[in-house]
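Read-outs: derived from the displayed coordinates by stated rules, not from any lab. Model, not experiment: these values are computed from the prediction. For neighbour counting, all protein chains shown are included, and Cβ atoms are generated from backbone atoms with ideal geometry for every residue, glycine included.
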Amino acid sequence: MSLALIILIQASFYALLGMGYVLIYRATRVLNLAHGDLMVFGAFLFYQGLVMTNGSAPLAITTGMLGAAFAGAIIYFLLMRPLAGYPAAVRVLATIALAIVLRSLTTALWSGQTRYPAEYVGQLGQAIELAAGLSISVIDALIIAAALLSIVALPLFLQRAAIGVDMRGVAENALLAAQRGINIHNVNALSWAAATVMATIAGIFFSLKVRLGPDIWYVGLAGFAPALIGGMDSLRGVAIGALIVAATEVIAARFIAPHIALAAPFLVLLVALWIRPWGLFGSREELERI
Amino acid sequence: MRYLVSVPSTLRTTYASDMQLLGSGFTKFWAAVGLASMVGLPLVLTNFWTAVANQLFIAIVGALALNLLMGTTGQISLGHAGFIATGAFTVAAFVTHFNAPMPVTLLAAVVAGIVLGILVGLPALRLKGLYLAVSTLAAHFVIIAVLGQYQANVGYGEGFTIPPPDLFGWTISSERTWYYLLLGVTAIVLLLNVNWLRSAFGRAWMAIHHRDVAAEALGINVARYKLLAFSTSTAMTCFAGALWAYHTGFVSVEAFDIHMLIQFLAMVIIGGLGSVLGAILGAVFVILLPHVITLATESLPFLHGLGGKVFEIQAGLFGVIMFLFLALEPRGLAGIWARTRYYFELWPFRYRSWEA
């Protein structure tokens, strides 16, 4: 498989994750450091669905997504709504608190054992021949398709759908939106639900492709790097950020050293924060300047 | 001037009383009693609980360092576990490569901390709030990755063993010896901290915390004091990491994960950001909580079934308690303590305290 294809697959995965960060940031102006654990939680819901339906993937995916959407909305009302008006730092720390609660919950419910949901589904490892000598496995093709679909569909949804317009209004100016009769808490809860579903999609893909266990939150957390590089309030920026991060990571893994590759997203992020803290496509006034 | 009621401890009437480290004779008396009981404590504690006390001392040094940065100067740092790892790995490297004695390695750890603080603090000159927090978290992952690569390359894939250190001809190996060494070290660090906060440094840091633009207008070199806060804090953190390495006797990169970072964040948040007393109370709370949970599951029959899940329960409780303190009691345990104290000091009046 060519290097470019590997980068594209990795970038698609990062884009799926990064869009979850952006959705939550736009709604509640908080960097959700619990995103990785939401991803693990959603993936475990999916796994539970697989076990209970004896391997029916569509049912399991529906279970995972519905459960995740529900969880996201509940988290907003329990955690973020009481902290409305608190400093951003406090709310970020609150998401760390959420992360450890979620992590201990998943470990308590499903134990720390590593699972391989792909065993239930099958046929995902099959290769599709794209061109002579260039093939891609079914799961990788699905990841790229899902990422492309979200990149096109999510901005369209925010632009056209009535509820999407509400979401943009709340993100733009919550006070004014509330004055115009939008229930900002319901809209924000929807954003959280949507972000949790995005995390779950990423989690389902990762658990099918690699493995499932409480320790994979690390993969989900790494998604904040593309989101920040692209600009925390820009869905389009995430795609570019994901490409940059994935390229650095894959090249570092191939040519430098495996441990350094793990840190590559964060190294890129440090450089990006230093040069252009508001991100490639983010709005500049978002940043509290000194 | 005469008062009808006793003067609350927060109300200072002279400059001399404002500068005092320990206020009245009453405070001095109880400070002396406290110190004496700390010295006598290992005589009654079992070896296990002495070890817990030693972990607690190291945690207090680490929590004081984090509090200096987050509480006093208001710079969020999510890189604390990485900074502790740097201190521990400095010791590991110096012991492994040069077989260096303890004073040298401790000094090296402090120097490493100062350099690291300047590196990590540089983004703080450009970034604020959320973005600074993210850059320190990114720094954490980079540090851990670099140290992990080092651990893998040097050939001790599993980690570094640190032999018990020699200090002035003494081998420090028993928990009781460690207790007295760490008690002394913690007392010195605590005194340093309290004095920093009473001096120009501390006032500058607090001014930056409250409003950096105003601090700049008052003639405080914000950039310099921010870097100073970062390097002081990371130097203390690395020092704590170095002590941790010696006391644990084994250094591996796996120990310095996000969970350690969360523990330290929990200490300063639950204790109360910006308060030295809070950092100590928070460290006590966080270090003792798992042991309390273990004792509870062992002694209470209806909790027996939870025995195998102590770690999960503890982590989950941390999260819930952290959130409750963030939402309901931002001044933490130190705030609760201060309120209780003022209540009794002002009794029978019900005026709110000056600070609250």
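What the table shows:
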item: Residue exposure sequence - B:Phe230, B:Phe26, A:Phe44, B:Phe168 - by fewest surrounding Cβ within 10 Å; result: B:Phe168, B:Phe26, A:Phe44, B:Phe230
item: Rg/Rh ratio calculated on Cα atoms of segment A:28-99 (Kirkwood radius); result: 1.11
item: Value of D in µm² per second that Stokes-Einstein yields for segment B:263-322, Kirkwood Rh from Cα pairs, at 37 °C (0.692 mPa s); result: 274 µm²/s
item: Segment A:3-212, relative contact order in percent, only Cα pairs under 8 angstrom and at least six apart counted; result: 40 percent
item: Cα centre as origin, Lys/Arg/Asp/Glu Cβ charges: segment B:257-356 dipole, Debye; result: 360 debye
item: Per-q log10 I(q)/I(0), segment A:225-272, q = 0.13, 0.16, 0.20, 0.28 Å⁻¹ (Debye; single scatterer per alpha-carbon; no solvent); result: -0.27, -0.39, -0.57, -0.91
item: Rounded if a/c under 1.5, otherwise prolate or oblate - segment A:145-198, Cα gyration tensor axes; result: prolate
item: Inter-centroid distance (Cα atoms) of segment B:107-169 relative to segment B:62-93, Å; result: 9 Å
item: Reachable lysines, given that their alpha-carbon falls under 27 Å from the alpha-carbon of B:Lys128 and they are not under 8 places away in the same chain; result: B:Lys226
item: Within 10 Å of each Cβ in B:322-329, the average number of Cβ atoms from other chains; result: 5
item: For peptides B:187-194, B:340-347, sequence by mean Cβ density within 10 Å, most packed first; result: B:187-194, B:340-347
item: Euclidean distance of C-alpha centroids, segment B:252-273 and segment A:8-78, integer Å; result: 26 Å
item: Gaussian network model of chain B, springs between alpha carbon atoms under 10 Å - residue of B:Met236, B:Met38, B:Met70 with greatest fluctuation; result: B:Met38
item: Equivalent ellipsoid semi-axes - Cα gyration tensor, chain A, angstrom; result: 29, 23, 18
item: Per principal axis, descending, Cα span of chain B in whole Å; result: 71, 57, 44
item: Dipole moment magnitude, nearest 20 debye, the protein assembly as shown about Cα centre, only Lys, Arg, Asp, Glu C-beta charged; result: 1560 debye
item: Helix-only CD estimate at 222 nm, as mean residue ellipticity for chain A, using -39500 (n - 2.57) per DSSP H run (n ≥ 4); result: -23500 deg cm²/dmol
item: Cα convex hull of the protein assembly as shown - mean projected area over all directions, nm²; result: 33.7 nm²
item: Those lysines that a straight Cα-Cα span of less than 30 Å connects to A:Lys209, excepting residues fewer than 8 apart in one chain; result: B:Lys309
item: Net dipole in debye of chain B [+1 Lys, Arg Cβ; -1 Asp, Glu Cβ; about Cα centre; nearest 20]; result: 1220 debye
item: Computed helical MRE - 222 nm, chain B, DSSP H runs ≥ 4 contributing -39500 (n - 2.57), nearest 500; result: -23500 deg cm²/dmol
